[in-house]
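Novice: Quick one: the structure is below, questions incoming.
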Amino acid sequence: MPKIVLNGVTVDFPFQPYKCQQEYMTKVLECLQQKVNGILESPTGTGKTLCLLCTTLAWREHLRDGISARKIAERAQGELFPDRALSSWGNAAAAAGDPIACYTDIPKIIYASRTHSQLTQVINELRNTSYRPPARLLAPSYAWATFLRLGHVSVTLASSGRRGSCVSPYGSRCRATLWVLETAPPRPTVLSPTRPKVCVLGSREQLCIHPEVKKQESNHLQIHLCRKKVASRSCHFYNNVEEKSLEQELASPILDIEDLVKSGSKHRVCPYYLSRNLKQQADIIFMPYNYLLDAKSRRAHNIDLKGTVVIFDEAHNVEKMCEESASFDLTPHDLASGLDVIDQVLEEQTKAAQQGEPHPEFSTDSPSPGLNMELEDIAKLKMILLRLEGAIDAVELPGDDSGVTKPGSYIFELFAEAQITFQTKGCILDSLDQIIQHLAGRAGVFTNTAGLQKLADIIQIVFSVDPSEGSPGSPAGLGALQSYKVHIHPDAGHRRTAQRSDAWSTTAARKRGKVLSYWCFSPGHSMRELLRQGVRSLILTSGTLAPVSSFALEMQIPFPVCLENPHIIDKHQIWVGVVPRGPDGAQLSSAFDRRFSEECLSSLGKALGNIARVVPYGLLIFFPSYPVMEKSLEFWRARDLARKMEALKPLFVEPRSKGGFSETISAYYARVAAPGSTGATFLAVCRGKASEGLDFSDTNGRGVIVTGLPYPPRMDPRVVLKMQFLDEMKGQGGAGGQFLSGQEWYRQQASRAVNQAIGRVIRHRQDYGAVFLCDHRFAFADARAQLPSWVRPHVRVYDNFGHVIRDVAQFFRVAERTMPAPAPRATAPNVREGEDAVSEAKSPGPLFSTRKAKSLDLHVPSLKQRSSGSPAAGDPESSLCVEYEQEPVPARQRPRGLLAALEHSEQRAGSPGEEQAHSCSTLSLLSEKRPAEEPRGGRKKIRLVSHPEEPVAGAQMDRAKLFMVAVKQELSQANFATFTQALQDYKGSDDFAALAACLGPLFAEDPKKHNLLQGTLACRGHPP
């Protein structure tokens, strides 16, 4: 692998890096060496993950080498290396002011991303570098390996002619070196000392292999049952951790979540506690965002941040994660379900006490100690919940259901009414924890402890902030409580459970419930907390952080190092156009007052249909929100625009739920990859599941269409309060006035979602594609200024839609001629869904080629759609399986002449596997909303098309003769002459419309002749 030297550090890179990659690695080293924070934006496909891994691990190795060399040189006192000054060892660390004198001082690397599926991709990148730990390697200590690697000693030293030379490498002259080797920190013999030890942290839900714990229906129940079994030493998987954690297969390779589960099951050792054990000695630790940003998760996983380097990959999500991890919504249902559980426990314990017998759980023979609480304590806990419920219900709300907003400090007043304070929180949390753990693993109503667990989490969030920090003059700078607002509003869900009729129930229980919301509006609160924990350097990186300056302001901590990297592609690989008007000249706009207008929707539908004609293979269309996408599809279907789009490229719609997403995206990939396919269209939503983490490289995504600016809902209370908070902070000049205004933040949210969608189009150095910004507001300079720096130079605003189609067609003609063809895909790309990594997406059965479904009603009455009473029309599933063959069909694939077309048509009709066609949803959202009284077309079948051999010429000629004889018998001499002349004209002109217009009158009048016309028109692949 090539070795490059950057800032005095030698980096092993898998290939010769591009200029932008070298610049990126230089900035990373600048953050590490100067102990400062950095924001680094590099477009998707520029290898930023690989650069991060190689640079940070090379820097750690550089520090370790310096320590080893200094120890050897100091002990040898220059005797072994007389040509080198003692001060020459380890200059890099000293120059940077690092007090790193021993191996344990070398900073750990914490690499965080949003999901475990994204972390799996990062780990796969690490496996492809020279820094990966070898699978099984017996190796000496750090200093000895460094000594040999530096090439300063060899066995030839024994024959050296120098004064006092030793007779072996281990003679008196080498005692100094041996002292260093002996005193170097002990290392497990299964790992190479020159390679990092790697650990991945996951949750019990992902890692637990205990059958009883896995059966629990919620994560918090798994946690408490696991703790109970660990405390009683009744989990044999946990009991094996210490004994087996140093086995080669468990300690040496890089294990991701899936590998940990497999290895744990094989060796009967707990993967969850194994990962925590490996964390203690790990050099680089992978974990999701929330393990760092959530103080409760940090404590649960015992994460020590002092002196560490923290990297947030895909950092465009950090702002939202910071705020959400410090916020909550407490609903009436949460309190009611918690009270119901306490009622059950209180009743159970009361009966046991009245009978004078201990509850079975109190048995000394039981591995679980049972519930160690007095009845009085359980009753007090119920009273606390009732008082909290009453305090929330007592808040007066305005009559318009808008809710009331109070400062963050109000939360302490409200909780104090229920006797929840800093002094009592410890006892309350202990009581809640005991009850939940007592009920963990039990069936029935006792498993519904989610309300109690949520209350425990809320108490920890509220009391993690000291009220003394509520003033701007507090030591923490901007008061932490100033970042919060309390919002109380009516419960829109009406999710209150059955009313409790016991004497302790409040009268407020009969009223409409109220939701208590405690919202954090500054991600800087979490960022500052990380720095207070002693983080050495904080690096935020992503492909879509633009505008970087406003992103840095949001974080509220200094970022001396910033980078906006260009892309590694050339200008002929990207086309970006602003399309303010559709083909009919109507203005395209997703503004709230115009997005659903008939003129706008019609023009957008026509524009998408025209663009689909010129973009090859996969096309992605992003809408601002799910409601906009659904209403647009409904409109286009009602006016036949959706069918026309479907005829060009099959439509695949991103579902709202995670359940059907894997199947839908897999079907899309399969359709794009099908032999002879001209592609497919995937309709998605900005900020949705398809907007990040999926592979749309090469033919999977040659074009991206953004149909509007996805602003957050303006009237949402949380959005309104966020904008008010930012305006207040900017007006007060908090933190030096370094705040965005509310309007700036609002625009930034839309632009960042657009940039994330744009990032789907170019995924690697040899990729190419087009971006269409179909909203007139993109024509404004301020909107274009929010686009990524690598996109802005290529943006062109078009006044004429025809020029858009002309330029895009030319762009793809040149790209297909000059760019290398992508390698064929053996399988569909990986599909990632939220937290769960879906295994490699399988193609839904054999790749299929689907038939056209054009209507020939104008020519033959019998070819009209079946009535709604037909059996096929009554099958609701048939509407979910309709796909259409793309147009235009390449000339080389079109049958030549009528005879070849007839043979081709018959082969298609008789192809095998019709019943095995995979049922994939196209226009799925529309099918769910189709009115029952609306007439439906007949069943349209998907046929699997094999690749038939060329028909034998003799058989083809015989069939053609039989067909011509049948036509001649049915037609008059004059009509038959017209028929043959029409076929000759079609053969020369390839004008199907003229052929159909000429033949229609010859066959349409007599129903007996319709079957002959059907065979004739099959030359264009139009089945009846």
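Throughout, read-outs are computed from the coordinates displayed, never taken from laboratory work. As the structure is a prediction and not an experimental result, all values here were calculated from the model. Here the Cβ is made from the backbone with ideal geometry for all residues, glycine too, and neighbour counts use every protein chain on show.
Novice: Quick check: the distance between the Cα centres of region 245-287 and region 673-699, to the nearest angstrom?
Specialist: 35 Å
Novice: If you wrap a convex hull around the alpha carbons of region 571-821, what volume per residue comes out, as a whole number of Å³?
Specialist: Considering the Cα atoms of region 571-821, their hull volume per residue is 139 Å³.
Novice: May I pose another question? Run the simple label-point estimate for ASP105 and GLU396 please: 7 Å along Cα→C-beta, distance reported in nm.
Specialist: 6.4 nm
Novice: Could you list the chymotrypsin sites (Phe, Trp or Tyr not before Pro) in region 707-798 that lie in coil according to DSSP, counting only those with at most 16 other Cβ atoms within 10 Å of their Cβ?
Specialist: Filter output for region 707-798: PHE780.
Novice: Ok, one more. Tell me the net charge near GLN786. Cut-off is 9 Å between Cβ atoms, GLN786 excluded, with +1 for each Lys or Arg and -1 for each Asp or Glu.
Specialist: That works out to +2.
Novice: Using alpha-carbon positions, what is the distance between the centroids of region 40-69 and region 638-662, in Å?
Specialist: Comparing the Cα centres of region 40-69 and region 638-662, I get a distance of 43 Å.
Novice: With a/c under 1.5 counting as rounded, go ahead and sort region 10-61 into rounded, prolate or oblate using the C-alpha gyration tensor (a ≥ b ≥ c being the square roots of the eigenvalues; past the cut-off, prolate if a/b is larger than b/c, else oblate).
Specialist: Oblate is the answer for region 10-61, as a/c is 1.5 or above yet b/c matches or exceeds a/b.
Novice: So what's the net charge close to LYS730: Lys and Arg +1, Asp and Glu -1, counting the other residues with Cβ under 14 Å from its Cβ?
Specialist: Local charge sum for LYS730: -3.
Novice: Here is a further query. Can you figure out the FRET efficiency of LYS214 with ARG127, using R₀ = 30 Å and their beta-carbon distance, to the nearest 0.05?
Specialist: Efficiency for this residue pair is about 0.60.
Novice: Let me ask another. Add +1 for every Lys or Arg and -1 for every Asp or Glu among the other residues with Cβ under 10 Å from the Cβ of HIS487, and state the total.
Specialist: +2
Novice: With the cut-off at 1.5 for a/c, could you classify region 527-662 from its C-alpha gyration tensor as rounded, prolate or oblate?
Specialist: Prolate, because a/c is 1.5 or more and a/b exceeds b/c.
Novice: Can you tell me which lysines have their Cα less than 18 Å from the Cα of LYS3? Leave out same-chain residues fewer than eight positions away.
Specialist: LYS19, LYS27, LYS48
Novice: Check each of the trypsin sites (Lys or Arg not before Pro) in region 287-335 and keep only those in coil by DSSP with at most 11 other C-beta atoms within 10 angstrom; list them in order.
Specialist: Filter output for region 287-335: LYS306.
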